Amino acid sequence: MKNKFIVLTVLFLIGSAFTKEESSGKYMCKNGKVSFFSHTPVEDIDAENNKASSILDSKKGSVAIEILIKSFRFKKALMEEHFNENYMESTKYPKAKFLGKIDNLSQINFSKDGTYTANISGKLTIKDKTNDIKTVATLLIKDGKINGKTKFKIKPEDYNVEIPAVVKDKIANELEIMADMDYSPM
Amino acid sequence: MVKRIIISVVVLLIMGFVVQLYLFNKPHKNIAKAKEDFVLSSAEFYREYSDNEEASNQKYLEKVIVLEGNAVEIQLENEDEPTIAVATAEEGINIRCGFKKELINEVKAVSIGNKIRVKGKCDGMDMFGIVMTQCSFVKK
């Protein structure tokens, strides 16, 4: 009898925990990994940021991401300096932002463990330029948490990033952006 | 005379090359060893930032901060950068201090509620508070 009571209490607690999660439907990521990669025959350049912040609203299907440019870390100090001072002007424009939505929201069951493909579209702002982008992300849902991964390409010139002629052959026309973000319920 | 000119040109070229090579490979600024620009409590740091983000960016971005505050969460989901969230006066708004992978054991040794002193580089403010990276612990 006593055991039954305990079991019921535990079940009730688990149940209420789940309903609480479902009632918000929001997930947050505070230390997401965002990296970019540039390949040319002359030089490979990559940089990594482990502080991407994001809120994913599973009910509305909206995704907001903010990335601080100063958190990008390069292997070479000089590259990091040029990136911040010349290309990104990161004191003037300290963050990049993405505001978008999951277009195939109905195909994703956030309360069921599994791997889902999310088609994401939205607006990416870097420096003072905003462009529409589309990407496909893989969402791994497990134990109420979500890992989201995606990869896409952008052109520096689309975001007012001017690359001087002297280094043009060292920086690729298209940069590959990769994101790997762990979300937990808010 | 010609010989002298050739020698000086070669020496200059070598010097130029060495300087170039040094610049290209110059090491990152060691934040842990750098002298701090500001010593701040987490509450006042966030108060100032939220009052005027733009002015705070001008003042604090890339500066070395020694931060004092209470650990409110240890965030280890990103293995490459163990992080301690330090409380501000606002609930849910923290200062996220990112440490090098090698410092993971020191980060894990911190308990929630512990008062900590952390030195790091200010990267700015995002939706969850202020971000500091390349952090290390400062002994009192």
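All of the numbers you see were taken from the coordinates with simple rules; none came from a lab. Treat the numbers as computed from the prediction; the structure is a model and nothing was measured. Note that we place each Cβ from the backbone using ideal geometry, even for glycine, and neighbour counts take in every protein chain shown.
For the range B:17-57, I need the span (max minus min coordinate) of the C-alpha atoms along each principal axis, in Å, sorted largest to smallest.
48, 23, 10
Output wanted: per-residue J couplings in Hz (rounded whole) for the range A:92-103, from phi through Karplus 6.51 cos²θ - 1.76 cosθ + 1.60, θ = phi - 60°, x for Gly and Pro.
6, 10, x, 9, 9, 10, 10, 10, x, 9, 8, 6
Order these by the 10 Å Cβ neighbour count, fewest first: A:Arg73, B:Arg47.
Working: A:Arg73 18, B:Arg47 14.
Exposure proxy ranking, most exposed first: B:Arg47, A:Arg73.
In whole Hz, with x marking every Gly and Pro, tabulate ³J(HN,Hα) for the range A:53-58 from phi via Karplus 6.51 cos²θ - 1.76 cosθ + 1.60, θ = phi - 60°.
Those phi angles translate into 10, 7, 10, 10, 9, 6 Hz.
How big is the charge dipole of the protein assembly as shown about its Cα centre, in debye rounded to the nearest 20, if each Lys and Arg gets +1 on its Cβ and each Asp and Glu gets -1 on its Cβ? It would help to have the intermediate numbers written out before the result.
Details: 49 positive and 45 negative charges, 137 e Å.
With only Lys, Arg, Asp and Glu charged at Cβ, the dipole is about 660 debye.
When the Kirkwood hydrodynamic radius is evaluated over all pairs of different C-alpha atoms of the range A:78-186, what value in angstrom, to one decimal, is obtained?
Numbers: mean 1/r = 0.0629 Å⁻¹.
Every distinct Cα pair counted, the radius reaches 15.9 Å.
Please tell me which of these pairs span more than 28 angstrom C-alpha to C-alpha: A:Lys59/A:Lys134; B:Lys26/B:Lys119; A:Lys75/A:Lys127; A:Lys33/A:Lys155; A:Lys60/B:Lys108; A:Lys26/B:Lys59?
Details: A:Lys59/A:Lys134 20 Å; B:Lys26/B:Lys119 22 Å; A:Lys75/A:Lys127 23 Å; A:Lys33/A:Lys155 20 Å; A:Lys60/B:Lys108 36 Å; A:Lys26/B:Lys59 34 Å.
The pairs that break the limit, which is 28 Å between Cα atoms, are A:Lys60/B:Lys108; A:Lys26/B:Lys59.
Using the alpha carbons of the protein assembly as shown, what is the convex hull volume per residue in cubic angstrom, as a whole number? Provide the component values of the computation, followed by the final result.
Details: hull volume 58.7 nm³, N = 326.
Hull volume over Cα atoms, normalised by residue count, gives 180 Å³.
Against the globular-protein guess of 2.2 N^0.38 Å, express the Cα radius of gyration of the range B:46-107 as a ratio, rounded to two decimals. Mind dumping the intermediate values first?
Values: Rg = 12.9 Å, N = 62, 2.2 N^0.38 = 10.6 Å.
Dividing the Cα radius of gyration by 2.2 N^0.38 Å gives 1.22.
Could you work out the Rg to Rh ratio of chain B, with Rh taken as the Kirkwood radius (inverse of the mean 1/r over all Cα pairs)? Could you put the intermediate results ahead of the total?
Details: Rg = 21.1 Å, Rh = 17.0 Å.
In chain B, Rg relative to Rh is 1.24.
Counting alpha carbon pairs within less than 8 Å and at least 6 residues apart, what relative contact order, in whole percent, applies to chain A?
Details: 387 pairs, mean separation 43.0, N = 186.
Taking the mean separation of contacting Cα pairs over the length of chain A, I get 23 percent.
Taking each residue in A:45-52, count the Cβ atoms of any other chain within 10 Å of its Cβ, then average. What number comes out?
Details: counts 0, 0, 0, 2, 5, 11, 12, 3.
Across the residues of A:45-52, the mean count of other-chain Cβ atoms within 10 Å is 4.
Quick one: work out Rg over Rh on the C-alpha atoms of chain A, Rh as Kirkwood radius.
Details: Rg = 20.3 Å, Rh = 18.3 Å.
Across chain A, the Cα-based Rg/Rh ratio is 1.11.
What size of dipole, in debye to the nearest 20, comes out for the range A:38-186 about its Cα centre when the only charges are +1 on Lys and Arg C-beta atoms and -1 on Asp and Glu C-beta atoms? Don't skip to the end; give the middle numbers.
Working: 24 positive and 23 negative charges, 108 e Å.
My answer is approximately 520 debye.
Over the whole of A:25-34, what's the average partner chain Cβ count within 10 Å per residue? Rounded to a whole number, please. Provide the component values of the computation, followed by the final result.
On the way: counts 0, 0, 0, 3, 3, 13, 14, 2, 4, 0.
Taking all residues of A:25-34 together, the mean is 4.
How many angstrom lie between the Cα centre of the range A:48-71 and the Cα centre of the range B:98-122?
23 Å
Quote the charge dipole size of the range B:29-140 about the Cα centre in Debye, to the nearest 20; the model charges only the Cβ of Lys and Arg (+1) and of Asp and Glu (-1). Could you put the intermediate results ahead of the total?
Working: 16 positive and 20 negative charges, 155 e Å.
Taking the Cα centre of the range B:29-140 as origin, the dipole is about 740 debye.
Once the Cβ-Cβ distance between B:Ile5 and A:Val166 is put in as r, and R0 is 41 Å, what FRET efficiency do you end up with, to the nearest 0.05? If you can, show how the numbers build up before the last one.
Details: r = 28 Å, r/R0 = 0.69.
Calculated value: 0.90.
May I ask you to evaluate 6.51 cos²θ - 1.76 cosθ + 1.60, the Karplus curve with θ = phi - 60°, for each residue of the range B:68-75 and list the ³J(HN,Hα) values in order in whole Hz, giving x for glycine and proline?
10, x, 9, 5, 10, 7, 9, 10
Not counting the cut sites, what is the longest span of chain B without GluC sites (Glu not before Pro) that DSSP labels loop and that have at most 14 other Cβ atoms within 10 Å?
Details: sites that count: B:Glu79, B:Glu90, B:Glu91.
Longest site-free region, per DSSP loop and neighbour criteria: B:1-78.
What does the average come to when, for each residue of peptide B:124-135, you count the partner chain Cβ atoms lying within 10 Å of its Cβ? All intermediate terms of the calculation are to be shown ahead of the outcome.
Numbers: counts 11, 5, 13, 10, 9, 2, 1, 13, 2, 8, 2, 0.
Counting other chains' Cβ atoms within 10 Å and averaging over B:124-135 gives 6.
Amide H of B:Met127: which non-local residues (sequence gap of 5 or more, or other chain) have their own amide H closer than 5 Å, using H built in the peptide plane?
none
How many angstrom separate the Cα center of the range B:1-38 from the Cα center of the range A:85-161?
Distance between centres, Cα-based: 41 Å.
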